[in-house]
Amino acid sequence: MVIRTHRPSVTDTSEDNAVSGKRPTLADVATRAGTSTAVVSYVLNNGPRPVSESLRAKVVNALDELNYRPDTRARALRRPRRWQQIGLLVPDLTLPLFGEFVGRIEIEARARDHLTMIGNTGYDPERELEFATAFTEVGVDGLVVIGAANARETAKLCSQERVPVVWMHNVRGEVDAEIVGVDHELAGAIVTGHLVDVHHCSDIAFIGGITEDDAAHGDLETVKQRFAGVRGRAGADVTVVPTNLTADGAYAAVSQFLSGVAHPPQALVVGTFGQASATIRAVTDAGLAVGTEIRVVGFDGHPHDYGQFDVTAAQQPVETITARAVARLLDEPTSDDPIAVSLHIGVTCGCTPQA
C-alpha cells in the first residue's frame, strides 16, 4: 500500500472534496498546479499542444495529490457510441484456463456496457508493454492483466497514463496491488494432501519447471508457488522432473524420467493443466496404469471434461475471480475475502469417479 503525506493549505481542494464527497475536477487540478484546465487536458491526453517538463511535473503532482481520475461517465456521454472499452492482456489464449478467463471477462464487461480488447502476450515482456501502450493510446477505460510478464513496467505505464489496472492470476515481478486470484501454494498443498491422506503416498514427483533455466516463458511463478505447497505437504524429498511448461516438454521429460528409474514413484503432481494430458500419455506409453501403478493429480481443468481420463485437480472458481476483477476495475463494491480452491476428484488418483 502506498501512503502519501499531504499538508493541507488554506484552500485545500482535495480535503474539501473528501468532506463533500465530490470527485476532483479538471478545474481543481488546474488550481492546484497553478495553470489552466486546457494545460491539464494536454497533459492527460498527451496533446494536442506541447507542455514544458516543469509545468507537466506540476500537473502530474497535482493529479497525484488530488487522486484525480477521469470521469468515465462524462467521457462516455461525449462519445458517439454506447460502449466503453477495457483492455485485456492474456499470456496464451490456447490454454484452456486462460480461455475460460477471457470468456468470463467478456461476459462481465459486456453486462456493464464495456467491450473487451484482447492482446495475446505470449509471456513476452516487450510484447506485453507494446499491447499496454497501444491500449492506453486508443483510450481504454481500464486494463486487466492476466499472468503479467512485465508487471513493473506495465504498472508504471498505467500510472503515467492514468489508466486503472487490475492484476489477475499471477504476475512476474512485483506490483503494489493485490492480485485477484487463488492461493496457488494452498492449491499445491490440497492436491498433495489428498495423495498423502487418502492414498498414503510417500514417494511423489512434481512435473514442471521451477527455475528460469527450465522455463524462460510460461506460468513460472504459479508453478513455483504450487511446488512450494506440494513440498510443504509432502516433505523436502519430492522429486522434481523439470520441464519447459509445454505439453511436448512434459511428455519428453516424463518419458525420460520413467525410463531411467528402477521403480516409478507412487504419484505425480503436474504443475499446469496444459501438461496434464501429455504426462498421462507418457505414463501409459511407458506401460503403466494411471490411478493404480501411478496416481496423477494436477490443477485447473474443467469439472465436466469428457477426455479419456477425468483428472483429479485443484480448481479455481473462474466466475468468482473474473467477476471480482471487473468489479474492481470499474470501482464497484466487491468482496475482499480469500478466493477458495476446490478439489475435483477424478479417476487419475485412483478414486472411484464421482457422480
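Each residue in the stretch 247-286 was checked for being outside any helix (DSSP H, G or I) and open to solvent by less than 60 Å² (accessible area, probe 1.4 Å), and 10 of them qualify. For the stretch 158-169, the criterion of being farther than 30 Å from Glu65 by Cβ and among the hydroxyl-bearing types (Ser, Thr, Tyr) is met by none of the residues.
Scanning the stretch 186-213 for residues that are under 19 Å from Gly301 (Cβ atoms) and in contact with a helix residue (DSSP H, G or I) (Cβ under 7 Å, 6 or more places away or on another chain) yields a count of 9.
Of all residues in the stretch 303-319, exactly one satisfies the criterion of being at pLDDT below 95 and touching a Pro at 6+ places or on another chain (Cβ under 7 Å), namely Asp310.
Just one residue in the set Gly34, Gly47 is at pLDDT 90 or above, more than 18 Å from Ser159 (Cβ to Cβ) and small (Gly, Ala, Ser); that residue is Gly34. Annotation: of all residues in the stretch 142-158 being open to solvent by 10 Å² or more (accessible area, probe 1.4 Å) and of a type outside the set (Gly, Ala, Ser), the one that is nearest to the chain's Cα centre (by Cα) is Asn150. The single condition among (1) crowded, with 24+ Cβ neighbours inside 10 Å; (2) over 18 Å from Leu93 (Cα atoms); (3) touching a Gly at 6+ places or on another chain (Cβ under 9 Å) that Gln225 does not meet is (1).
Any chance the stretch 208-219 includes a residue that's assigned to a helix (DSSP H, G or I) and either surrounded by fewer than 19 Cβ atoms within 10 Å (Cβ to Cβ) or modelled with pLDDT under 95 (or both)?
First, the residues of the stretch 208-219 that are assigned to a helix (DSSP H, G or I): none.
For the stretch 208-219, residues assigned to a helix (DSSP H, G or I) and either surrounded by fewer than 19 Cβ atoms within 10 Å (Cβ to Cβ) or modelled with pLDDT under 95 (or both): absent.
Ile118 passes every criterion in (1) in contact with a strand residue (DSSP E or B) (Cβ under 6 Å, 6 or more places away or on another chain); (2) of a type outside the set (S, T, N, Q); (3) surrounded by 17 or more Cβ atoms within 10 Å (Cβ to Cβ); (4) within 20 Å of Ile179 (Cα to Cα) apart from (3).
The values are calculated or read from the model by the stated rules, or taken from the named source; none is laboratory data. What you see is a predicted model, and the numbers here were worked out from it, not measured in a lab. Neighbour counts are summed over all protein chains in view; Cβ atoms, including those assigned to glycine, are modelled from backbone coordinates with ideal geometry. Side chains included, ligands, DNA and RNA excluded: accessible areas come from the protein's heavy atoms. Shrake-Rupley method; radii C 1.70, N 1.55, O 1.52, S 1.80 Å.
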